[in-house]
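Below is one structure, written out as structure tokens; the observations come after it.
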Amino acid sequence: MNIHTTARAPTPEALRQAIEAQLTYAVGKDATSATLSDWRFALTGAIRDRVVEPWFATTRRVYEEDRKRVYYLSMEFLIGRLLEDAIANLGLEDTARQAMEALGQDYDALLGDEPDAALGNGGLGRLAACFLDSMSTIGIPAYGYGIRYEHGLFRQSFNAGWQVEEAEDWLRQSHPWEFERREAGYRIGFGGHVHSHNGDAAVWEAGDTVIAQGYDTPVPGWRARWANTLRLWSAKPEHLFDLAAFNRGDFVGAAAPAILAETISRVLYPDDTTEGGRELRLKQEYFFTAASIQDLLRRFLSRHDDPAKLSEKAAIQLNDTHPAIAVAELVRLLVDAHGKPFDEALATARATLNYTNHTLLPEALETWSWDLMQRVLPRHLQLIERIDAAHHAEAPERPDHVKIIDHGQIRMGNLAFIGTNRVNGVSALHTDLMRETVFADLHRLHPEKIVNQTNGVTPRRWLYGCNPRLRALITETIGEAWITDLDRLEALAPHAEDGDFRARFAAVKQANKVELAAWVDEELGITLDPSAIFDVQIKRIHEYKRQLLNILETAALWNAIRREPERDWAPRVKIFAGKAAPGYHVAKLIIKLINDIGRTINDDPIMAGRLKVIYPPNYNVTLAERLIPATDLSEQISTAGKEASGTGNMKFAMNGALTVGTLDGANVEIRDAVGADNIFIFGRTASEVRVAREAGYVPGAIIEAEPMLAEVVEQIENGTFSPDDPARFKEIADNLRHHDYFQVAADFAAYYARQREIDAAWADQDIWMQKAVLNTAQMGRFSSDRTIRGYARDIWRVEPAF
């Protein structure tokens, strides 16, 4: 049943009535039998109804004004919980709380009952979610396109310190924010044969097909002046059931079409260490990309006649290399379905598509074998070969590094570069390194193509929403205009000199730490001291992010405290959180090492009041929202030149945490913003890392020359932290001594020394809080609103509505 709402903000009584109506007519419960989840569904329905009106109004306006749209294609959208976010955007926080209290319900418990949507892994997906928020807030017509994963990444737990992956069940309940769009269903093919060439066009007869079914979630901006759409694709079988096979007794074969479809949209990032896993990964990427391209092309042709003019009304952004097959898919549709000559189709694709590169790591610049592409997407392989040949004709003296197909491998990063209009990096350093390293030869051929758009985060989620105490202090001090104009935070800078303001800022941080400590005690059974430095590293687990460096320094600190327990050590709580990819053996071993060292430290009575290590499982958006406001020290310690940007560094600094980090990614720009005295930088620069590697880096010699590091490596080797299995971490120790590609040993001494300087800085709380205030005050440039305005101006050529 549709519950009618008006555009005017409701009173608590009106909202209460709408909630009761939802409970009765949508949930089908009465108040006496309703569970907490029933009440959450009822509140969600009442709030969602109020989002629908601006959502429809936005769509009408875009069509009436024939506005250009942005289409953002991403494998991940880490949107987190939506209810509290929507209530805040609608300006109904007090109203919703009063309405639920009048109904006798615990409002905070109700918000906490909502599961995180398991649609992403880390920074890539969270960036996409921040960008959707900003596009809606500043009025850019947009669709986000991705996959509606049934299980998402995975639910992480620990068994004796080892990561255990379990299926995420966020869709076990219905998802109350989405609308199924039965009319938005597209046939997606795989395999088969290509024949009947007629000029440039061909007929591709797929061997297997699935239906991409659209599910829409409205994304309102601040105060719901504008609302865009996140459209996620779920794979459905084209033929539900083979009754003839079933009647022959082939029960498994009868269900084969459904199994193929369900597999495609079941899990984010299937383990691709097997050939079957790689095939599934390619099918997933093509599945959502093809559905999205078909959908946006259909929308364009509903109002315009010539698909060759698509770029006038559509800008497509490929969020990293995963959707790079969009280049070949758009060319295929223009050539095979709409009769365009190949050259014109490629020109249209290049004018419409844009590519964001998020990493310089070779494994993330995806490659597919020629054989796999031929087996899964034979028509696309033909077109990729033609695109490669066309690019060669443009630059006949091209070096081998610019080929798309090379030694039997399809290089998707090169396809994305060659087939798009603009290629952007996500921090100033990363953009420069793209020009100098992975895309150096392509950059020389196309010097105008690479541009920079430094990442940003939405202040609505990452300050206003997750840190209500700091939000209240900031708004009381400088007004509320900062919520949509983060540069206004700079007005806080003079208050860093005000002792009373610093004390209030410190009280906010302390209250957040007390709240986190209570949660840790309840969930993990570990008691934390809120007066300690809360030192936090929360990221996906990867060698280049160097959680290993962090835990090695932690073990060295443990050794130092044991040697001199009488010293006045600054108390620390080391907090790790993050997931390792299921097939990433070394990353999972690092998790086990962190947990084993943590257990050793936490069981040591000498460490009481001095050092503690915790690793909460199943890191997600909700856990980040809990940890970030309580953080004193933000760990951003990747090997210089490897982190494209980072957005966690921005979220922490925005909430008054100080950063310890290398000059990597956006750390460089954060240092420039907050001042070198208000950030703790250490370690080799990107150029120094490169020079050391080229000169023949010898980590073993560095370890032997650094007694603290040598001691910890020896402890890892001799089983100090794994007495039940002394050889458990031999692989990690051997890698540190003989390989150490990410130069952990090289930066250890500088990192340890910087941490002891941090201890000394912590001793003067007044100065620490002055630095913390200045970090918050200088975060204006790291708003995703600023980032999106840059994309709109420099890449998409779209005018914001506001």
- Query: In the stretch 363-404, which residues are in a loop (DSSP other than H, G, I, E, B) and closer than 20 Å to ARG435 by Cα?
  - Reply: LEU365, GLU366, ALA395, GLU397, ARG398, PRO399, LYS403, ILE404
- Residue that is among the hydrophobic types (A, V, I, L, M, F, W, C), modelled with pLDDT of 95 or more and either under 22 Å from the mean Cα position of the chain (by Cα) or open to solvent by 50 Å² or more (accessible area, probe 1.4 Å) (or both), where the choices are LEU353, LEU377, LEU361, LEU383: LEU353
- Query: For the stretch 585-616, which residues satisfy the criterion of being open to solvent by 10 Å² or more (accessible area, probe 1.4 Å), out of contact with any helix residue (DSSP H, G or I) (no Cβ under 9 Å at 6 or more places or on another chain) and of a type outside the set (Lys, Arg)?
  - Reply: ASN595, ASN602, ASP603, PRO605, ALA608, GLY609
- Query: Does the stretch 326-344 contain at least one residue that is closer than 22 Å to TYR71 by Cα, surrounded by 22 or more Cβ atoms within 10 Å (Cβ to Cβ), of a type outside the set (A, V, I, L, M, F, W, C) and under 18 Å from the mean Cα position of the chain (by Cα)?
  - Reply: no
- Query: In the stretch 204-241, which residue that is part of a loop (DSSP other than H, G, I, E, B) and touching a Gly at 6+ places or on another chain (Cβ under 6 Å) is surrounded by the fewest Cβ atoms within 10 Å (Cβ to Cβ)?
  - Reply: GLY207
- Can you spot a residue in the stretch 125-138 that is in a loop (DSSP other than H, G, I, E, B) and at pLDDT 95 or above? no
- Message: Among the residues of the stretch 155-174, are any in contact (Cβ under 8 Å) with a residue 40 or more places away in the chain, among the small types (Gly, Ala, Ser) and closer than 30 Å to PRO800 by Cα?
- Response: no
- Message: Out of the helices (runs of 4 or more DSSP H) lying entirely within the stretch 703-775, which hold 3 or more residues that are β-branched (Val, Ile, Thr)?
- Response: 707-718
- Task: Find the residue count for the stretch 140-170, including only residues that are of a type in the set (Val, Ile, Thr) and open to solvent by 20 Å² or more (accessible area, probe 1.4 Å).
- Result: 1
- Query: Could you say whether any residue in the stretch 69-80 is open to solvent by 50 Å² or more (accessible area, probe 1.4 Å) and out of contact with any strand residue (DSSP E or B) (no Cβ under 7 Å at 6 or more places or on another chain)?
  - Reply: no
- Looking at (1) outside any helix (DSSP H, G or I); (2) in contact with a Leu (Cβ under 9 Å, 6 or more places away or on another chain), find the lone condition where ARG187 falls short. (2)
- Item | Number of the condition not met by ARG471 [criteria: (1) assigned to a helix (DSSP H, G or I); (2) touching a residue at least 60 places away in the same chain (Cβ under 8 Å); (3) closer than 30 Å to PRO617 by Cα; (4) open to solvent by less than 60 Å² (accessible area, probe 1.4 Å)] | (2)
- Task: Find all pairs meeting these conditions: Cβ atoms under 8 angstrom apart; at least six residues apart or on different chains; first residue within the stretch 361-386 and within 15 Å of LEU415 (Cβ to Cβ) and of a type in the set (Asp, Glu); second residue open to solvent by less than 80 Å² (accessible area, probe 1.4 Å) and at pLDDT 95 or above.
- Result: GLU366/THR321; GLU366/HIS322; GLU366/ALA324; GLU366/MET412; GLU366/GLY413; GLU385/ILE405
- Of all residues making up the stretch 141-182, the number that are of a type outside the set (Phe, Trp, Tyr) and outside any strand (DSSP E or B): 17
- If you scan the stretch 475-489, which residues turn out to be within 27 Å of the chain's Cα centre (by Cα) and surrounded by 15 or more Cβ atoms within 10 Å (Cβ to Cβ)? TRP482, ILE483, THR484, LEU486, ASP487, ARG488, LEU489
- Members of the stretch 421-440 that are open to solvent by less than 30 Å² (accessible area, probe 1.4 Å), assigned to a helix (DSSP H, G or I) and in contact with a helix residue (DSSP H, G or I) (Cβ under 7 Å, 6 or more places away or on another chain): LEU433
- Taking only pairs six or more apart or across chains, which ones have beta-carbon atoms under 6 Å, a first residue in the stretch 187-210 that is acidic (Asp, Glu), and a second residue that is at pLDDT 95 or above and open to solvent by less than 70 Å² (accessible area, probe 1.4 Å)? ASP200/VAL335; ASP200/PRO341; ASP200/PHE342; GLU205/GLY192; ASP208/PHE190; ASP208/GLY191
- Residue by residue through the stretch 734-779, note down the ones that are under 30 Å from TYR697 (Cβ atoms), surrounded by 17 or more Cβ atoms within 10 Å (Cβ to Cβ) and among the aromatic types (Phe, Trp, Tyr). PHE742, PHE748, TYR751, TYR752
- Task: Determine if the stretch 636-652 includes at least one residue that is assigned to a loop (DSSP other than H, G, I, E, B) and touching a Pro at 6+ places or on another chain (Cβ under 7 Å).
- Result: no
- Query: If we keep just the residues of the stretch 518-560 that are in a helix (DSSP H, G or I) and free of Cβ contacts under 8 Å to residues at least 24 places away in the same chain, which is farthest from GLU757 (Cα to Cα)?
  - Reply: GLU522
- Message: Anything in the stretch 441-452 that is closer than 19 Å to ARG793 by Cα and open to solvent by less than 10 Å² (accessible area, probe 1.4 Å)? List them, or say none.
- Response: ILE450
- Query: Which of the residues that make up the stretch 101-116 are out of contact with any Lys or Arg (no Cβ under 8 Å at 6 or more places or on another chain) and either open to solvent by less than 10 Å² (accessible area, probe 1.4 Å) or more than 21 Å from ALA9 (Cα to Cα) (or both)?
  - Reply: GLY104, GLN105, ASP106, ASP108, ALA109, GLY112
- What are the residues in the stretch 492-509 that are open to solvent by 20 Å² or more (accessible area, probe 1.4 Å) and within 12 Å of GLN765 (Cα to Cα), if any? GLY499, ARG502, ALA503, ALA506, ALA507
- Message: So in the stretch 171-194, with the set limited to residues that are among the aliphatic types (A, V, I, L, M) and either at pLDDT below 95 or closer than 30 Å to ILE594 by Cα (or both), which one is least open to solvent (accessible area, probe 1.4 Å)?
- Response: ALA184
- Pick from the stretch 255-299 the residues that are touching a Ser or Thr at 6+ places or on another chain (Cβ under 9 Å) and polar (S, T, N, Q): which of them is nearest to GLU238 (Cα to Cα)? SER265
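The values are calculated or read from the model by the stated rules, or taken from the named source; none is laboratory data. On a predicted model such as this, the values are computed, not experimentally measured, just so you know. No Cβ is skipped: glycine too gets one built from the backbone with ideal geometry, and neighbour counts run over all protein chains shown. Please note that ligands, DNA and RNA were not included when accessible areas were found on the heavy atoms of the full protein model with its side chains. Shrake-Rupley method; radii C 1.70, N 1.55, O 1.52, S 1.80 Å.
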